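Student: Handing you a structure now.
The values are calculated or read from the model by the stated rules, or taken from the named source; none is laboratory data. Not measured: the values here are computed from a predicted model. Here the Cβ positions follow ideal geometry from the backbone for every residue, glycine too, while neighbour counts run over all protein chains shown.
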Amino acid sequence: HAKAQGRRQVRRFDAQLDAAAEQRLQLERELRRAIERGEFELAFQPQVRLPGQEVVAVEALLRWRHPERGLLLPNAFIHAAEECGLIREIGDWVLQRALRTLAAWHAAGLDQRIAINVSPRQLAQPGFFARLRTLIVETGAPIGRVEIEITETLAMQGSDAVLEGLRELRCEGISVAIDDFGTGYSNLARLRKLPVDRVKLDRSLIQDVTHSAEARTLIHSVIALINGLGFEAVAEGVEEAAQKDVLRAIGCGAVQGYAIARPMDEPALLAWLAAFDPDGARATA
Ligand code: C2E
Ligand code: MG
Ligand code: MG
Ligand code: MG
């Protein structure tokens, strides 16, 4: 009896696995089609340097306009794209689109920096750095206004070749940011030597700063560490004005989040920038 029950459970488990695998395959097929049919878009979210007079960068965030399921956020597909390797092609599309956008802004006199998320798998490709340079030249994007965001894990575990590649990019004027800092395991001895400009503190570190003294102590120390090492601290996921005030008081360099602006499509971003800095936007009129 117990044996029969066990077999039934195994069968049920197999069926679940099959369903999950089938779903994954379906997603993979759809991702491939999405690349061919141009279903990806970029949303843009500004980062503002405190006390809040200056836009430091605009982060490009991937969106998928799925024909049946509507607008999808990266959480719904980035992991699958990483697993099946399609992240390389999708990442390449993001690079092209973001750099083309940056070039167009500069041609119109809008002097902004674009921050581009690069996945570990994409960056570990042997040709990645060469490809980035080629695209910068081809699109005419100003190299000094290109920023790439790499994950904390990649920053900590990346090979010497990857770190050397990043170092060279920085010499050429590209800036590098560590994304989602505080969610992985950081080697503090290594942090000191990383070729980066900015460190983005994950939203989970920011969330409780207004109502928890411990959360404030923690973020205060982390920001002091980042500033002390000569990097700029950028807080992510700042949803309330009160959080921004606390962050400013403890030395945080810049903020990004709904309290400043949500991710927007390009026309909405341009309107937001024009309202934020009427003088800066005049050149684009
Ligand atoms: P991320 O790079 O840390 O980007 C910040 C995420 O936080 C974005 O989510 C943004 O919409 C969200 N966010 C911004 N402000 C707030 C806020 O005040 N509150 C809350 N709750 N969330 C806020 P999104 O666009 O869904 O992207 C999620 C992640 O997907 C990104 O996290 C990034 O890791 C990844 N991603 C996005 N675009 C790309 C891409 O082009 N390539 C790669 N490899 N990854 C990407
Ligand atoms: Mg990012
Ligand atoms: Mg982040
Ligand atoms: Mg994050």
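Student: Evaluate the following for Leu163: is it among the aliphatic types (A, V, I, L, M), outside any loop (DSSP other than H, G, I, E, B) and touching a Pro at 6+ places or on another chain (Cβ under 8 Å)? Before you say what the answer is, go through the steps one by one.
Tutor: Values: among the aliphatic types (A, V, I, L, M): yes; outside any loop (DSSP other than H, G, I, E, B): yes; touching a Pro at 6+ places or on another chain (Cβ under 8 Å): yes.
Yes: the conditions hold for Leu163.
Student: For Leu163, state whether it is more than 16 Å from ligand 3 (Cβ to nearest atom) and closer than 25 Å to Leu205 by Cβ.
Tutor: On the way: more than 16 Å from ligand 3 (Cβ to nearest atom): yes; closer than 25 Å to Leu205 by Cβ: yes.
Yes; evaluated as a whole, the condition is true for this residue.
Student: Grab the helices (runs of 4 or more DSSP H) fully contained in the stretch 184-285, keeping just those with 1 or more residues being over 18 Å from the mean Cα position of the chain (by Cα), away from ligand 4 (no atom under 16 Å from the Cβ) and of a type in the set (Asp, Glu). Don't jump to the end; show me each part of the working.
Tutor: On the way: elements: 188-191, 203-206, 213-228, 241-249, 266-276, 278-282.
Passing ranges, in order: 213-228, 241-249, 278-282.
Student: Let me ask something else about it. Which ones in the stretch 50-72 are farther than 20 Å from Arg97 by Cα and of a type in the set (D, E, K, R)?
Tutor: Answer for the stretch 50-72, where residues must be farther than 20 Å from Arg97 by Cα and of a type in the set (D, E, K, R): Glu54, Glu68, Arg69.
Student: Could you identify the single residue in Arg203, Arg198 that is surrounded by 17 or more Cβ atoms within 10 Å (Cβ to Cβ), within 12 Å of ligand 3 (Cβ to nearest atom) and over 17 Å from Leu229 (Cβ atoms)? Break it down stepwise before answering.
Tutor: Numbers: Arg198 fails: over 17 Å from Leu229 (Cβ atoms).
Answer to the selection: Arg203.
Student: What helices (runs of 4 or more DSSP H) completely inside the stretch 1-107 contain at least 3 residues that are at negative phi, of a type outside the set (Asp, Glu) and within 16 Å of ligand 2 (Cβ to nearest atom)?
Tutor: Values: elements: 2-37, 78-84, 87-107.
Output list reads 78-84, 87-107.
Student: Among Glu83, Glu54, which is the only one that is over 14 Å from the mean Cα position of the chain (by Cα), more than 22 Å from Ala274 (Cα to Cα) and away from ligand 4 (no atom under 16 Å from the Cβ)? Outline the logic, then answer.
Tutor: Details: Glu54 fails: more than 22 Å from Ala274 (Cα to Cα).
From the options Glu83, Glu54, the qualifying one is Glu83.
Student: For the stretch 13-29, check the following and say yes or no: at least one residue is crowded, with 21+ Cβ neighbours inside 10 Å, more than 16 Å from ligand 3 (Cβ to nearest atom) and either among the aliphatic types (A, V, I, L, M) or modelled with pLDDT of 95 or more (or both). Can you show your working first?
Tutor: Let us first name the residues in the stretch 13-29 that are crowded, with 21+ Cβ neighbours inside 10 Å, namely none.
Taking every residue of the stretch 13-29 in turn, none turns out to be crowded, with 21+ Cβ neighbours inside 10 Å, more than 16 Å from ligand 3 (Cβ to nearest atom) and either among the aliphatic types (A, V, I, L, M) or modelled with pLDDT of 95 or more (or both).
Student: Which members of the stretch 227-244 meet the condition of being surrounded by 14 or more Cβ atoms within 10 Å (Cβ to Cβ) and more than 16 Å from ligand 2 (Cβ to nearest atom)?
Tutor: First, the residues of the stretch 227-244 that are surrounded by 14 or more Cβ atoms within 10 Å (Cβ to Cβ): 227, 229, 231-240, 243-244.
Answer for the stretch 227-244, where residues must be surrounded by 14 or more Cβ atoms within 10 Å (Cβ to Cβ) and more than 16 Å from ligand 2 (Cβ to nearest atom): Asn227, Leu229, Glu239, Glu240, Gln243, Lys244.
Student: Which residue pairs have Cβ atoms under 9 Å apart, sit 6 or more places apart or on different chains, and have a first residue in the stretch 141-155 that is over 16 Å from Glu168 (Cα atoms) and outside any helix (DSSP H, G or I) and a second that is within 16 Å of ligand 2 (Cβ to nearest atom) and of a type in the set (Gly, Ala, Ser)?
Tutor: Ala141/Ala98; Thr151/Ser119; Thr151/Gly184
Student: Also, quick follow-up: Name the pairs whose Cβ atoms lie under 7 Å apart, with the first residue in the stretch 202-222 and more than 12 Å from Cys252 (Cβ to Cβ), the second among the small types (Gly, Ala, Ser), and 6 or more positions between them or separate chains?
Tutor: Qualifying pairs under 7 Å: Asp202/Gly182; Arg203/Gly237; Ser204/Gly182; Asp208/Ala215; Thr210/Ala242.
Student: Here is a list of conditions, (1) within 13 Å of ligand 1 (Cβ to nearest atom); (2) surrounded by 14 or more Cβ atoms within 10 Å (Cβ to Cβ), and Trp105 meets all of them except one; can you say which number that is?
Tutor: Here Trp105 meets the rest and fails (1).
Student: Residue by residue through the stretch 223-269, note down the ones that are free of Cβ contacts under 8 Å to residues at least 40 places away in the same chain, within 16 Å of ligand 1 (Cβ to nearest atom) and of a type in the set (S, T, N, Q).
Tutor: Listed by number, the list holds a single entry, Gln243.
Student: Within the stretch 114-126, is there a residue that is basic (Lys, Arg), away from ligand 3 (no atom under 16 Å from the Cβ) and within 17 Å of the chain's Cα centre (by Cα)? Please lay out each step first, then the result.
Tutor: If we filter the stretch 114-126 for residues that are basic (Lys, Arg), which is where we start, we get 121.
Add one more test, that the residue is away from ligand 3 (no atom under 16 Å from the Cβ), and what stays is 121.
Next, only the ones that are within 17 Å of the chain's Cα centre (by Cα) stay: 121.
Yes - at least one qualifying residue is present in the stretch 114-126.
Student: Quick check, is Pro263 over 17 Å from Gln47 (Cα atoms) and surrounded by 14 or more Cβ atoms within 10 Å (Cβ to Cβ)? Spell out how you get there, then give the answer.
Tutor: Details: over 17 Å from Gln47 (Cα atoms): no; surrounded by 14 or more Cβ atoms within 10 Å (Cβ to Cβ): yes.
Judged against the criteria, Pro263 is not a match.
Student: Cβ-Cβ below 8 Å, separation at least six or inter-chain, first residue in the stretch 102-120 and more than 16 Å from ligand 4 (Cβ to nearest atom), second in a strand (DSSP E or B) and among the polar types (S, T, N, Q): which pairs?
Tutor: Note: pairs meeting the criteria are Arg113/Ser175.
Student: So if I check each of Gly127, Gly173, Gly165, Gly144, which one is at pLDDT 90 or above and at positive phi? It would help to see each step written out before you state the result.
Tutor: Values: Gly127 fails: at positive phi; Gly165 fails: at positive phi; Gly144 fails: at positive phi.
None of the other options fit; the residue is Gly173.
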